[in-house]
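**Student:** Mind having a look at this structure? Questions to follow.
The values are calculated or read from the model by the stated rules, or taken from the named source; none is laboratory data. Everything numeric in this text was worked out from a predicted model, so none of it was measured. With ideal geometry, Cβ positions are generated from the backbone for all residues, glycine too; neighbour counts draw on all protein chains shown. Ligands, DNA and RNA are stripped out before the accessible areas are found, and what is left, the full protein with its side chains, is counted by its heavy atoms. Shrake-Rupley method; radii C 1.70, N 1.55, O 1.52, S 1.80 Å.
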Amino acid sequence: MFNSKKWRIGTSLLLTLGMTLATATPGLSNRAMAQFNRQTQFPGNPRRPFSVARIPAGTLIPVGYEEAEKVVVTPDESMRLTLTVTQDIRDVQGRVVIPFGSEIEGELRPVSNGTQFFAEQLIIGDRRRFRIDAISKVITDTERITKGANAGDILKGAAVGTGASALLSAILGDKVLATERLLIGAGLGALSGVLLGREKAEVVVIYPEEDLDLRLRSDLALR
C-alpha cells in the first residue's frame, strides 16, 4: 500500500541531498542552472540561443548613395552600387533590426521599360551579411544630351557609368567628364561601335534618395 508520509520524507531527503551536492560542487551547480535556464527560455528547443527577427515582404527600406548626388547611366547599362540605409528599420515587435547606416549591395539593371535597382546583400554594422530580395521602382525618365549643349547641370555631382561616360565624351568632348566620378559598368562594350558621329544621346539620371528606396519582395529573417 502506498505510504504518503514515507514518500514525502523520501522526497525531502533527496531534495536536501541535491542542494548539498550543488553547494559543494559550484561547477555542477552552474552547469545545472545554465541547462535549466535554457530549457525555461526555449522550451522544446534548448539549443536555440536567439530568436529570429522577421521583416515582412512589402516593407519599404529608405536608402541613399554616399558617393554622389546622382548616378548617370545609359538606358542599356548595368551598374553595381552600394547603397546606405537612411533610417532604422524595425520588426513587428518594435526592435531595430536594420540600423541606420547599414549597407545594401546590388545592381542597377536595364529592364523592359526603364532602369531598376536589384538588392542582393544586406551588410549590418559588424559586417554580418544577409541575402536580401528587394527592388526599387522602375526609373523611366531620361535626359537628352545634344552636341554643343551645356550638360553641366546634369553632370554636376554625378557618378557616371562607363557607358554613359564614353557616349557623352563622344558627343561633348573628353573635358566634360574630367571632374566627375567614373563608375565601371557593363555599358562600354555595347557602345564601342556606335560612338563615332553621334550628335545626341539619352541618359538615365538617377537620384538615389528619391528613386532607389527598396521594397522587400519576400520576408527577411535575421538572427
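**Student:** Among the listed residues Leu196, Leu177, Leu168, Leu188, identify the single one that is modelled with pLDDT under 65, open to solvent by less than 50 Å² (accessible area, probe 1.4 Å) and over 24 Å from the mean Cα position of the chain (by Cα).
**Tutor:** Leu177
**Student:** Same structure again: Please determine, by comparing only the residues of the stretch 58-77 that are modelled with pLDDT of 95 or more and farther than 12 Å from Pro208 by Cβ, which one is nearest to the chain's Cα centre (by Cα).
**Tutor:** Per the stated criteria, the residue is Ile61.
**Student:** Next up: Can you tell me how many residues in the stretch 121-156 are part of a loop (DSSP other than H, G, I, E, B), open to solvent by 20 Å² or more (accessible area, probe 1.4 Å) and at pLDDT 85 or above?
**Tutor:** Number of matching residues: 6.
**Student:** So, Gln121, is that one touching a Lys or Arg at 6+ places or on another chain (Cβ under 6 Å) and farther than 25 Å from Ala166 by Cβ or not?
**Tutor:** For Gln121, the condition - touching a Lys or Arg at 6+ places or on another chain (Cβ under 6 Å) and farther than 25 Å from Ala166 by Cβ - is met.
**Student:** Another question, if that's okay. If I ask for residues that are free of Cβ contacts under 8 Å to residues at least 40 places away in the same chain, farther than 16 Å from Pro208 by Cβ and not in a loop (DSSP other than H, G, I, E, B), which ones from the stretch 78-97 would you list?
**Tutor:** Across the stretch 78-97, the qualifying residues are Ile89, Arg90, Val96.
**Student:** Within the set of pairs 6 or more residues apart or between chains, which connect a residue that is within 17 Å of Thr86 (Cβ to Cβ) and open to solvent by 80 Å² or more (accessible area, probe 1.4 Å) inside the stretch 203-223 to a residue that is part of a strand (DSSP E or B) and modelled with pLDDT under 95 with Cβ atoms less than 7 Å apart?
**Tutor:** If the second residue must be part of a strand (DSSP E or B) and modelled with pLDDT under 95, the pairs left are Tyr207/Lys70.
**Student:** Restricting attention to the stretch 78-90, which residues are open to solvent by less than 40 Å² (accessible area, probe 1.4 Å) and under 15 Å from the mean Cα position of the chain (by Cα)?
**Tutor:** Of everything in the stretch 78-90, those that are open to solvent by less than 40 Å² (accessible area, probe 1.4 Å) and under 15 Å from the mean Cα position of the chain (by Cα) turn out to be Leu81, Leu83, Thr84, Val85, Ile89.
**Student:** Between a residue in the stretch 98-112 that is within 28 Å of Val52 (Cα to Cα) and any residue that is among the aromatic types (Phe, Trp, Tyr) and buried (at least 18 other Cβ atoms within 10 Å of the Cβ), which pairs come within a Cβ distance under 8 Å, given they are 6 or more apart or on different chains?
**Tutor:** Short answer, once both residue conditions are applied: Gly106/Phe117; Glu107/Phe117.
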